[in-house]
1. Multiplying the sequence separation of residue 43 and residue 66 by 0.36 nm and subtracting their Cα-Cα distance, what value in nm do you get?
2. Extending each Cα 7 Å along its Cβ direction at residue 159 and residue 140, get the distance between those two points in nm, one decimal.
3. Give me the net charge of residue 51's neighbourhood, meaning all other residues with Cβ under 9 Å from the Cβ of residue 51; Lys, Arg count +1, Asp, Glu -1.
4. Can you give the extra length, in nm with one decimal, that the chain gains between residue 93 and residue 32 once fully stretched, where that is 0.36 nm per residue apart less the Cα-Cα distance?
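Nothing in this text is a laboratory measurement; each read-out follows from the coordinates by a stated rule. Keep in mind the model is a prediction, meaning the values are calculated, not measured. Quick reminder, even Gly has a Cβ in these numbers, built from the backbone with ideal geometry, and neighbours come from all protein chains shown.
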Amino acid sequence: MGSTKAAACAALTGAAVLAPSPAAMAGDVQVSPHRATVGARVTITAPPCVGPVFAESGAFAGTAVRLHEFAGSVTGSARITDSAVSSTPWKVEVSCKEGGPFFGSLRVVGESMGPATGGGWLATAQQETTSSTGALVALSGLVATGLGAALVVLRRRRSQRS
């Protein structure tokens, strides 16, 4: 009984420490593709908020981009300006009448983005992890470890009864 409680306490403690805050999970702006070429169109997706909702970035051609509610989030598209090529990521800010602001980033590269794979995300994605993604991966590992420990304890109990 002691080892079961210890395993449960360890799993819950790890989950509480490593779980991302609701603000971290809800505050991420997704830009697809994350790496784009000049002149390309990108899709901006943000958490829902009370509109009007606009996305702004120095990488976008023209003024702020109006986002519209769609499938539980707000989304829209923008064209990358010809002068946006940079070795550092561009900040993308989504502002709402109520809620937000939300932030994300995007990289603008020159002509070639990698192998011709039909536009697959893995071929063009920047190998970066956000803090919320890393925390979710760590949390998943802790949950799996806790479940594994519980399974071992249950098997031991069953073998002792036999």
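1. 7.1 nm
2. Once both label points are built, they end up 3.0 nm from each other.
3. That sum, taken over residues with Cβ under 9 Å, equals 0.
4. Value of the extension gain: 20.5 nm.
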